[in-house]
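Enquirer: After the structure tokens below, expect a handful of questions from me.
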Amino acid sequence: MNETEFLMWVRGPAFQIATIVFVVGVVVRVLEILLLGRKGNLAEARGSATAGGLRTILTRMWPDRGTLQRSTFTVVTGYVFHIGLFVTIFLSAPHILLIRDVFGVGWASLPTTIIDATTVVTIITLLAVLVYRLTNPVQRFLSGFQDYFVWLVTILPLVTGYLAFHRIGMTPPMLLAIHILSVELLMVSFPFTKLMHAFTLFMARWYNGAIAGYRGVRS
Amino acid sequence: MAKHKSLLETLQHQGISRRSFLKFCASTASLMALPPAMIPAVASALEQARRPSVIWLSFQECTGCTESLTRSHSPTVEGLIFDAISLDYHHTLQAASGHAAEAARTAAMEENYGNYLVVVDGSIPTANPGYSTIAGISNRDMLLETATGAAAIISVGSCAAFGGIPHAKPNPTGAVAVSDLITDKPIINVSGCPPIPVVISGVLTHFLTFGTIPALDALGRPKAFFGQSIHDRCYRRPFYDKGLFAESFDDEGAKKGWCLYKLGCKGPTTFNACATAKWNSGTSFPIQSGHPCLGCSEPDFWDGGGFYKPLSTPTEDIAATLVYGAAAGAAAGVALGTLNHARKTRAQQAHAPVTVDDLEKGDGQ
């Protein structure tokens, strides 16, 4: 297999396989959680579960003061790399083309210099997050193999994307193929790891908020 | 005999002034990324150079490479440099045919054994020797025979360099590149469909000046011409960086000359000198005329997933994959959910409450 064939395989069958694993995995896991069901609440409602659920989904976007003061580093780096991932994934021109090719909708892209700078900031932040995880005794004690694996599959597309954009180390078709392959690794790992939080987080927030809302209190 | 004239004598005979000759040397030296101090060395070497014997073999090709090199640039110095080599065999251009032509090839090989250059355009069929023959000799046999006494081989065009269009799927003739058959000779790949004329004259100039083959990249192409991507040298690159793209061939972006990435431009993955050397005596190149780069100087460019499909998009129908995947996931999810539910119910039914008596019994033992 030469590098053009490799790139074609990565853009074609491999992307298809990754998409199937990703979609089937995510749908199965979400349905498994939802279909587990909950017993009906016999207590009289003192407020709206729906309003409580929606409110909590929104309010948990911002950290409460106590958490921010206690874990400033974790909160700030968490925001930086999540926003960085959003910008690099959804506002870069080649990625928007991919989205438009699949879903038929697209939007304006940001200039490459901004995407480039955001990528560098995100990579540095993720490296800082790893160093913190390794040096902080509590975090280190709580971390298992999956935490490091998830960190790796998250940073790999950023690093390979940066190398592909700047054409460092290998031929451009090879760099592009490796970048796409790293994304495919992320996609197939997604449903089976903590990366699922991208979907389950909203369900969890809703659940907490709805319980509190039903009881007439704020979560 | 014209064959024993130096290159400068030949050029002077054809009415090329020393000024034009030095101008050519300067531009070639700069194209080859040589320092200005090397220009006199290039000029002096070319002045002294004896016309090297060149055997040009055309196999599975469309003659586009020969057209590119001989016709479009014939009034230029590059064209005359090309005339100034001793082209002893080229079955498209030579007057002789049949056995007389083959005799010329054999004679050139014997006379210049170990010193002649072989230029190949076209791929070589391996599935059946009968697919392409010249004077009853299969392309494979002719290449192997001619290559034995060659100083170096120049594979002109993507067909000779990488297999090109004949090698495209499903490759019915079993077409291969020169480098797939010849492994014991220096091979310079001058890829492109067709290659830029100035690149071939640059490679010849290098060979005449230094007597060696130029520095090559991983794909055997001269780095001086294939060292940078079309994208990196493209005059539309600033539009890519600003995120300004033509969305179709007749929208505002296209009229304003914005980046053609979204229309499938392969500039980012293509290495060639089109954006700098340009075509038709430096007039233009495909992107300048409003068309995306096809990536013709790269291996298997024909099978690269569509000329008008952007590089970052998948080649398969991912929207359909998503729909089927979601449907399969939903079915599997419902099935697993039902199983989980049944397990939960069974666990609840099997649940035996612990009474105070049970606990006391345990205590007593």
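Each value in this text was obtained by applying a stated rule to the coordinates, not by laboratory testing. Just so it is clear, the model here is predicted, and its values are computed rather than measured. Cβ coordinates were reconstructed from backbone atoms using ideal geometry, including for glycine residues, and neighbour counts include every protein chain displayed.
Enquirer: Once all Cα-Cα distances of chain A are split into 5 Å bins that start at 0, what whole-number percent is in each one?
Expert: Calculated over all Cα pairs of chain A, the distribution is 1, 6, 10, 14, 17, 16, 14, 10, 6, 3, 2, 1, 0, 0 percent.
Enquirer: Ok, one more. As an exercise, use a Förster radius of 22 Å and the Cβ-Cβ distance of A:L36 and A:N208 to find the FRET efficiency, rounded to the nearest 0.05.
Expert: Approximately 0.85, to the nearest 0.05.
Enquirer: Looking only at other chains, what is the average number of their beta-carbon atoms within 10 angstrom of each beta-carbon in B:276-282?
Expert: 0
Enquirer: Ignore the peptide's own chain and count Cβ atoms of other chains within 10 Å of each Cβ in A:20-27; give me the average, rounded.
Expert: 6
Enquirer: Do any cysteines of chain B lack a neighbour Cys whose Cβ is under 4.7 Å away, and which are they?
Expert: B:C25, B:C62, B:C65, B:C159, B:C234, B:C259, B:C265, B:C274, B:C293
Enquirer: How large is the helix-only mean residue ellipticity at 222 nm for chain B, computed as the sum of -39500 (n - 2.57) over DSSP H runs with n ≥ 4, divided by its residue count, in deg cm²/dmol to the nearest 500?
Expert: Rounded to the nearest 500, it is -12000 deg cm²/dmol.
Enquirer: Which percentage, to the nearest 5, of the DSSP beta bridges contained in segment B:2-226 is antiparallel?
Expert: Expressed as a percentage, antiparallel bridges in segment B:2-226 total about 25.
Enquirer: Continuing with the same structure: Taking K and R as +1 and D and E as -1, what net charge do the other residues with C-beta under 15 Å from the C-beta of B:P299 add up to?
Expert: Around B:P299, the surrounding residues sum to -4.
Enquirer: Between B:A103 and B:E47, how high is the FRET efficiency from 1/(1 + (r/R0)^6) when r is the Cβ-Cβ distance and R₀ = 35 Å? Nearest 0.05.
Expert: 0.60
Enquirer: A follow-up question, please. According to the Cα gyration tensor, what semi-axes, each the square root of 5 times an eigenvalue, does the equivalent ellipsoid of chain B have, listed from largest to smallest in whole Å?
Expert: With the √(5λ) rule applied to chain B, the semi-axes are 60, 27, 20 Å.
Enquirer: Quick check: net charge around B:G337, other residues with Cβ under 14 Å of its Cβ, Lys/Arg +1 and Asp/Glu -1?
Expert: +3
Enquirer: While we're here: Based on the mean of other Cβ atoms within 10 Å per residue, sort peptides B:300-307, A:192-199 so the most packed one is first.
Expert: Going from most to least packed, we get B:300-307, A:192-199.
Enquirer: A further question on this structure: From the phi of every residue in segment A:11-22, what ³J(HN,Hα) in whole Hz does the Karplus formula 6.51 cos²θ - 1.76 cosθ + 1.60 yield, where θ is phi - 60° and glycine or proline is x?
Expert: Couplings: 6, x, x, 5, 5, 5, 4, 4, 5, 4, 4, 4 Hz.
Enquirer: Give the long-range amide H neighbours of B:N189: residues separated by 5 or more places, or on another chain, with amide H under 5 Å away, using H modelled in the peptide plane at 1.01 Å from N.
Expert: Here the answer is B:S155, B:R221, since their amide H atoms fall under 5 Å of that of B:N189.
Enquirer: Within 10 Å, count the other beta carbons around each residue, average over each peptide in B:101-109, A:10-18, B:115-123, B:281-289, and list them highest first.
Expert: B:115-123, A:10-18, B:101-109, B:281-289
Enquirer: Roughly how crowded by other chains is peptide A:28-34, in terms of the mean Cβ count from those chains within 10 Å of each of its Cβ atoms?
Expert: For this peptide, the per-residue mean of nearby foreign Cβ atoms is 5.
Enquirer: When only Cα pairs under 8 Å and 6 or more residues apart are kept, what is the percent relative contact order across segment B:2-226?
Expert: Computed over segment B:2-226, the figure is 21 percent.
Enquirer: If you add up the charges near A:L201, with Lys and Arg at +1 and Asp and Glu at -1, over every other residue whose beta carbon is less than 14 angstrom from its beta carbon, what do you get?
Expert: Summing Lys/Arg as +1 and Asp/Glu as -1 gives +4.
Enquirer: Label-point separation (nm) for B:Q14 and A:V75, each offset 7 Å from Cα along Cα-to-Cβ?
Expert: Rounded to a tenth, the inter-label distance reads 7.8 nm.
Enquirer: A further question on this structure: Using only Cα atoms, find the angle between the long axis of helix A:145-166 and the longest principal axis of chain A, and express it within 0 to 90 degrees, rounded to the nearest 10.
Expert: Helix A:145-166 sits roughly 40 degrees off the main axis of chain A.
Enquirer: Next up: Applying the Karplus parametrisation 6.51 cos²θ - 1.76 cosθ + 1.60 with θ = phi - 60° to the phi angles of segment A:126-137, what ³J(HN,Hα) value in whole Hz is obtained for each residue in order, glycine and proline being reported as x?
Expert: 5, 5, 5, 4, 5, 4, 4, 4, 7, 9, 6, x
Enquirer: Oh, and also: Segment B:221-280: which trypsin sites (Lys or Arg not before Pro) are DSSP loop and have at most 11 other beta-carbon atoms within 10 angstrom?
Expert: Answer by residue number: B:K256.
Enquirer: When each pair of different Cα atoms in segment B:213-365 is counted once in the 1/r mean, what is the Kirkwood radius in angstroms, to one decimal?
Expert: Evaluated over segment B:213-365, this radius sits at 20.7 Å.
Enquirer: So what's the angle, to the nearest 10 degrees on a 0 to 90 scale, between helix B:18-31 and the longest Cα principal axis of chain B?
Expert: 20
Enquirer: Just from the alpha-carbon atoms, what are the Rg and Dmax of segment B:230-303 in angstroms?
Expert: Considering segment B:230-303 through its Cα atoms, Rg and Dmax are 11.8, 33 Å.
Enquirer: What length, rounded to one decimal in nm, is gained on full extension from A:H166 through to A:L127, with 0.36 nm per residue of separation minus their alpha-carbon distance?
Expert: So the chain would gain 12.0 nm between A:H166 and A:L127.
Enquirer: Once you have the Kirkwood Rh of segment B:318-364 from its Cα pairs, apply Stokes-Einstein at 10 °C and 1.306 mPa s and quote D in µm²/s.
Expert: Result for D is 112 µm²/s.
Enquirer: Taking amide H positions as placed in the peptide plane 1.01 Å from N, state which residues far from B:A150 in sequence (5 or more) or on other chains have amide H under 5 Å from it.
Expert: Correct list: B:G114.
Enquirer: Ranked from highest to lowest mean number of other Cβ atoms within 10 Å per residue, what is the order of the peptides B:193-200, B:147-154, B:54-61?
Expert: The packing order, highest mean first, is B:193-200, B:54-61, B:147-154.
Enquirer: A follow-up question, please. Express in nm, to one decimal, how much length is gained between B:Q288 and B:E360 on full extension, taking 0.36 nm for each residue of separation and deducting their alpha carbon distance.
Expert: 16.7 nm
Enquirer: Same structure again: Angle, helix B:318-350 long axis vs. longest principal axis of chain B, Cα atoms, 0 to 90°, nearest 10?
Expert: On a 0 to 90 degree scale, this one is about 20.
Enquirer: What three numbers, in Å, describe the spread of the alpha carbons of segment B:103-164 along their principal axes, ordered from the longest?
Expert: Principal-axis extents of segment B:103-164 (Cα, largest first): 32, 25, 15 Å.
Enquirer: Rounded to the nearest Å, what's the spacing between the alpha carbon centres of segment A:91-126 and segment B:14-32? Just the number, please.
Expert: Cα centroid to Cα centroid, the span is 46 Å.
Enquirer: Efficiency by 1/(1 + (r/R0)^6): what FRET value for B:Q228 and B:A96, r their Cβ-Cβ distance, R0 = 60 Å, to the nearest 0.05?
Expert: Between B:Q228 and B:A96 the formula returns 0.90.
Enquirer: Express in whole angstrom the spacing between the alpha-carbon centres of segment A:1-57 and segment B:208-284.
Expert: Centre-to-centre (Cα) distance: 42 Å.
Enquirer: Further question: Would you calculate the volume per residue, in Å³, of the smallest convex hull containing every Cα atom of the protein assembly as shown?
Expert: Spread over its residues, the Cα hull of the protein assembly as shown gives 243 Å³ apiece.
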